[in-house]
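The values are calculated or read from the model by the stated rules, or taken from the named source; none is laboratory data. Just so we're clear, the structure is a prediction, and the values are computed from it rather than from any experiment. Cβ atoms come from the backbone with ideal geometry, glycine included; neighbour counts cover every protein chain shown.
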Amino acid sequence: MLNNPKFGVVSLGCPKNQTDTEVMLGLLKDAGFDLTFDNDEADICLINTCSFIEDARRESVRNIVDLASDGKQLIVAGCLAQHFKDELLNELPEARAVVGTGDIHKIVEIAKAIVEDSSLRIVQVSAVPNDHIDEVMPRVSTSVGASSYLKIAEGCDHACTFCIIPMLRGKFRSRSIDSLVQEAKILVAAGTREIILVSQDSSYYGLDLYNRMALPELLEALHEIEGLDWIRIMYFYPTETNRKLLETMARLPKVVKYVDIPLQHSHPEVLSSMARPLHPEKSVQLIREILPEAAIRSTFIVGFPGETEEHFEHLHKFIKEAKFDRLGVFTYSKQTEVPSGNMKNQVPQKVKKLRRNRIMETQLEISRERNEKLIGKEIEVLLEGYDEVKELYFGRTQWDAPQIDNTVYVSPDGLSHSWLGEIVTVKVDEAKPYDLFGKAVVPPITTESALLELAAKV
Ligand code: SF4
């Protein structure tokens with residue numbers, strides 16, 4: 001038996017995985033386990049893994065091996081655990097438990113069992129992770145700044161031929177509006193200023209539970225929460241990008257004008273082969289019509305099996321014309337468990353990389369142009385931290401999601417650390433393709449203003 005072991009944590013992968021990590025930590029903490037964010041002092045490490053593509057898998061394995069060679073006992077959870085439970089248990093003596101994506105709520109009983117019996121090894125992986133948990137779970141925040149993710153649904157009902165997610169995460173299961181609002185209120189009371197809604201397909205929200213697309217209703221309900229400034233939606237699916245949702249976004253001031261819509265490709269033959277909706281240009285058109293001020297973020301895959309030079313040029317032209325505000329391009333990653341992995345005409349890695357680079361060069365210019373237009377303008381920035389090297393504060397606009405989009409660096413003039421977590425107005429004076437620089441337009445702290453503030457309070 002281990003006496004009072006400390007639990008460390010490594011969370012990999014997407015924001016949806018991050019919310020799972022936070023819930024597992026919350027459950028462990030509530031059960032009285034000792035947690036640490038310094039893995040050097042941990043006895044057992046919870047590692048929540050990703051298995052979306054080959055690179056993510058490699059990163060998960062590298063982290064597991066590093067922790068094991070540091071002598072840590074491991075609880076391996078998440079997508080890699082769901083995907084390779086037997087391999088992990090057989091090849092990794094340090095793995096004390098392997099926990100599937102549908103089993104995270106069992107973390108406390110698993111932790112108790114391995115702490116009490118040092119010889120025990122547990123596999124808790126439901127074959128089909130279709131559990132439906134619609135309660136507000138305790139969470140320990142692992143995010144920096146004033147933003148929190150809110151996972152509105154789990155799983156996916158689509159069948160994109162390149163994607164393993166439905167196999168690893170099960171069918172789409174929405175959480176109820178009541179439980180999401182309750183959780184959002186707890187997060188806001190703890191200091192969250194921005195709630196970021198995540199799932200595999202957020203525009204599909206509610207269809208399984210209420211028999212209708214209920215994201216507009218959820219937005220209305222969240223909008224009522226006092227103290228919440230921004231609501232961001234990640235992961236629209238093209239066909240469900242409907243008029244009503246966009247109109248609701250336009251009407252509600254707290255919903256940031258940001259549409260994250262992975263389109264994956266533009267050529268009808270490639271999209272058909274991917275089993276994705278056709279005519280992505282119509283989605284872009286509709287968004288620009290209803291939300292002209294919105295930033296549109298999209299992601300694309302190059303080098304999908306059978307993608308010819310002509311298909312690629314079609315995509316390149318589409319991207320040049322659509323001028324996305326934010327863009328991610330991935331080279332296709334072959335996985336034999338999904339249909340595209342067994343398609344003929346796989347594209348050589350070298351060609352995929354060249355195609356990716358060509359699009360990123362194009363996007364660099366689009367992004368530079370867009371950012372330069374902001375010079376001299378005043379923009380709202382959520383201040384998230386202070387960069388000790390650059391000696392500048394940094395944050396994000398409503399057009400930028402954490403970790404994937406642009407950063408705004410702000411001169412420290414007139415600011416102090418007490419502004420962190422606040423939304424400040426910044427006048428932009430310099431633009432780089434993916435970063436902006438500027439000064440905060442904040443009222444100077446004078447004796448007179450301090451006295452006026454005091455007078456207003458008494
Ligand atoms: S919609 Fe997204 S998560 Fe669902 S199958 Fe397609 S790519 Fe995967």
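Only helices (runs of 4 or more DSSP H) wholly contained in region 146-233 count here; list those with 3 or more residues that are away from the ligand (no atom under 16 Å from the Cβ) and among the small types (Gly, Ala, Ser). Walk me through it before giving the result.
Numbers: elements: 165-169, 177-189, 207-210, 215-223.
Filter on region 146-233 gives 177-189.
Within region 224-252, which residues are over 20 Å from the mean Cα position of the chain (by Cα) and over 21 Å from GLY145 (Cβ atoms)? Let's see the steps before the verdict.
Taking region 224-252 and keeping what is over 20 Å from the mean Cα position of the chain (by Cα), we get 224-227, 239, 242-248, 250-252.
Within region 224-252, GLU224, THR239, ASN242, ARG243, LYS244, LEU245, LEU246, GLU247, THR248, ALA250, ARG251, LEU252 qualify.
Being of a type in the set (D, E, K, R) and touching a Ser or Thr at 6+ places or on another chain (Cβ under 7 Å) is the filter here; which residues of region 169-192 pass it?
Of region 169-192, the ones of a type in the set (D, E, K, R) are 169, 171, 173, 175, 178, 183, 185.
Selection gives ARG169 alone.
Quick check on my filter: what residues within region 381-434 are small (Gly, Ala, Ser), touching a Lys or Arg at 6+ places or on another chain (Cβ under 9 Å) and modelled with pLDDT under 95? Please lay out each step first, then the result.
First, pick out the residues of region 381-434 that are small (Gly, Ala, Ser): 385, 395, 401, 411, 414, 416, 418, 421, 431.
Filter again for touching a Lys or Arg at 6+ places or on another chain (Cβ under 9 Å), leaving 401, 411, 414, 421, 431.
Hits for region 381-434 are GLY414, GLY421.
Test of understanding: among LYS353, LYS344, which residue is surrounded by fewer than 18 Cβ atoms within 10 Å (Cβ to Cβ), assigned to a helix (DSSP H, G or I), of a type outside the set (Gly, Ala, Ser) and outside the structural domain of VAL428 (by TED's automatic domain parsing)? Talk me through it step by step, then tell me what you get.
Working: LYS344 fails: assigned to a helix (DSSP H, G or I).
Just a single option satisfies the conditions, and that option is LYS353.
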